[in-house]
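All of the numbers you see were taken from the coordinates with simple rules; none came from a lab. Please read all numbers here as calculations on a predicted model, not as lab measurements. Note: ideal-geometry Cβ built from the backbone for every residue, glycine included; neighbour counts use all protein chains shown.
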Amino acid sequence: MDLTHPMTTPCGWERVEDATRLELWEFAWAGSAGFSNGRVFPAAILADPAIAILGRRTLYGFAAGCIANRSGLLIGLSNVFAADGGPAYRDAARAAANAFSGGRALVGYDRDGGLDDALACGFQATGALRVWIRDRQDAGE
């Protein structure tokens, strides 16, 4: 996928710009990920010009979505989902690239079917993701 040339946003995809739509987007994202622990994303996130919450709307809510975050040279792609379980990366990557343009490289992380989908549309694996956590009790706090 050539991200250096301007492209159009995939059909039906839009930037989430208000709290009501954010709640609908989050409901679809949480359902596709199997979460049900309440809200995760505060409405204040919508005011950050370096973050774009993107989704494909339907009559009933959002069928797919992602979050793009812009830094100097890169666009981070995360929280990619398709409510029907289908592939979503190609449209998510195009929507993210269009939201911030400028030919920035896209980076992200995923696993299982999401990783397969990302690889199928041109992403390259660079290694395993490791997450480290330090228990507060052990930190002397």
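Worth a mention:
- Beta bridges assigned by DSSP with both partners in segment 13-139 are antiparallel in approximately 80 percent of cases.
- When the alpha carbon coordinates of segment 13-139 are projected onto the principal axes, the ranges are 47, 36, 30 Å, largest first.
- Virtual spin-label span in nm between W132 and S78, 7 Å along Cα→Cβ: 1.8 nm
- Exposure proxy ranking, count of Cβ atoms within 10 Å, fewest first, for L22, L73: L73, L22
- Peptide ranges 91-98, 120-127 listed from the most packed, as the mean C-beta count within 10 angstrom indicates: 91-98, 120-127
- Stretched out straight at 0.36 nm per residue, the stretch from A47 to C11 would grow longer than its current Cα-Cα span by 10.5 nm.
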